[in-house]
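Note sheet for the following structure.
The values are calculated or read from the model by the stated rules, or taken from the named source; none is laboratory data. For clarity, every value in this text was computed on a predicted model and none was experimentally measured. In this analysis, Cβ positions are derived from the backbone assuming ideal geometry, glycine residues included, and neighbour counts consider all displayed protein chains.
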Amino acid sequence: MSDAVHVKLLIVGSGPAGYTAAVYAARAMLNPMLIQGMQPGGQLTITTEVENWPGEVEIQGPELMAKMEAHARAMGADIVTDMVTKLDLGRRPFVAECDSGRVVTADAVILATGAQARWLGLPSEEKFKGFGVSACATCDGFFYRDRQVVVIGGGNTAVEEALFLTRFASKVTLVHRRDSLRAEKILQARLLKHPKVEVIWNHELTEVTGVEAPKGVSGVVLRSTLDGSTRMLAADGVFVAIGHAPASELVKDQLELHNGGYVKVEPGSTRTSIPGVFAAGDLTDHVYRQAVTSAGMGCMAALDAEHYLAALGEVEPAPQAVVAAI
Ligand code: NAP
């Protein structure tokens, strides 16, 4: 601990919530340190076009995140490429241990670790992960030029992945367990009129079939959710896009969680069950889960942290009128 660096505010995570918190906290002279985590920039770095970030009719996800990072740096935030592996919220100051051996102590912490892709949990899915089964079309789509792929899911992610895969694949089959999609209407319209796309409604994936040498996927077994009948479909790749789970592993035994692992915050704030610890973005939001709402929560977390630190006497209290006017 003697080598520990002390900061007033530590931000964990580098999606829209983390970077926005860093911009606001830096402007409030809190000298925040932000630790980026395993995937700097978060989920938006593995998407392509973003069309719902206000002010940008269309921007690539990685470009948007690079701009957010540059913005946070320009405001003076200390952006660190490292991963927090242990976080002790039971002592003051809080202690974060990182993969590199770095130890950081902090008077306040903003958690913005986001969410990660969910899997179906099938043994055959596990067996072929990385060998034809993927949860990231932008990472792996390129390998399916002129091949047939299957996408599982009916939300925005599944539809976006399916549309992205049409750039490479000869055929994209989207398999959904119900008879209607929950994706935005504009995405649904694009999907349903795409000549390379077929949708199989009311079916779920029960098995990924494949070969051993070289290891690869040959097809899927689908089961009807209406009558239980099964059918086989030839496929070279399977993309699982069934939603995301909050990345709350670091704090699951320390903070109050709800709704299957989301960090619980006081309604209308980012305050968690431990004073001085704030949560923002997909880690805490099981309803909206948008880049822009995450950014909004990042802003709230920085303001909440500022008020908390002011009450501790760590920083000058922020004039309420100015905060309200920002
Ligand atoms: P999601 O909206 O939760 O959709 C998950 C989909 O997977 C649903 O259609 C669900 O079916 C299906 N599913 C879940 N568990 C399944 C299972 N065990 N077997 C088969 N199907 C299963 O997740 P998401 O698409 O990843 O989106 C997450 C959030 O990010 C959403 O709020 C979304 O709007 C947002 N997002 C936004 C954009 C954008 O704005 N362009 C892009 C990507 C994501 P049911 O429909 O039957 O429940």
Failed condition for Lys196, given (1) of a type outside the set (Val, Ile, Thr); (2) within 11 Å of the ligand (Cβ to nearest atom); (3) within 20 Å of Ala162 (Cβ to Cβ): (2)
Looking at (1) hydrophobic (A, V, I, L, M, F, W, C); (2) over 27 Å from the mean Cα position of the chain (by Cα); (3) surrounded by 19 or more Cβ atoms within 10 Å (Cβ to Cβ), can you tell me which one Ala241 breaks? (2)
Do we find a residue being at positive phi and buried (at least 16 other Cβ atoms within 10 Å of the Cβ) anywhere in segment 46-65? no
Restricting to segment 268-295, name every residue that is surrounded by fewer than 18 Cβ atoms within 10 Å (Cβ to Cβ) and either small (Gly, Ala, Ser) or at pLDDT below 95 (or both). Gly268, Ser269, Ser273, His286, Val287, Tyr288, Gln290
Condition (residue is outside any strand (DSSP E or B), more than 16 Å from the ligand (Cβ to nearest atom) and over 26 Å from Leu120 (Cα atoms)) applied to segment 227-240: is it met by at least one residue? no
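Filter segment 41-68 down to residues that are among the hydrophobic types (A, V, I, L, M, F, W, C), within 11 Å of the ligand (Cβ to nearest atom) and within 11 Å of Pro16 (Cβ to Cβ), then give me how many there are. Outline the logic, then answer.
Applying the first criterion (among the hydrophobic types (A, V, I, L, M, F, W, C)) to segment 41-68 yields 44, 46, 50, 53, 57, 59, 64-66, 68.
Then keep just the ones that are within 11 Å of the ligand (Cβ to nearest atom); that gives 44, 46, 50, 53.
Subset that is within 11 Å of Pro16 (Cβ to Cβ): 44, 50, 53.
The number of residues fulfilling the criteria is 3.
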Residues located in segment 107-137, provided they are within 16 Å of the ligand (Cβ to nearest atom), assigned to a loop (DSSP other than H, G, I, E, B) and not β-branched (Val, Ile, Thr): Ala112, Gly114, Arg118, Trp119, Leu120, Gly121, Leu122, Ala135, Cys136
In segment 155-180, which residues are closer than 22 Å to Arg223 by Cα, in contact with a strand residue (DSSP E or B) (Cβ under 8 Å, 6 or more places away or on another chain) and assigned to a loop (DSSP other than H, G, I, E, B)? His176, Arg177
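Answer with yes or no whether Val150 is more than 30 Å from Ala291 (Cβ to Cβ), within 16 Å of the ligand (Cβ to nearest atom) and in contact (Cβ under 8 Å) with a residue 40 or more places away in the chain. Explain how you work it out, then say what you get.
On the way: more than 30 Å from Ala291 (Cβ to Cβ): no; within 16 Å of the ligand (Cβ to nearest atom): yes; in contact (Cβ under 8 Å) with a residue 40 or more places away in the chain: yes.
Judged against the criteria, Val150 is not a match.
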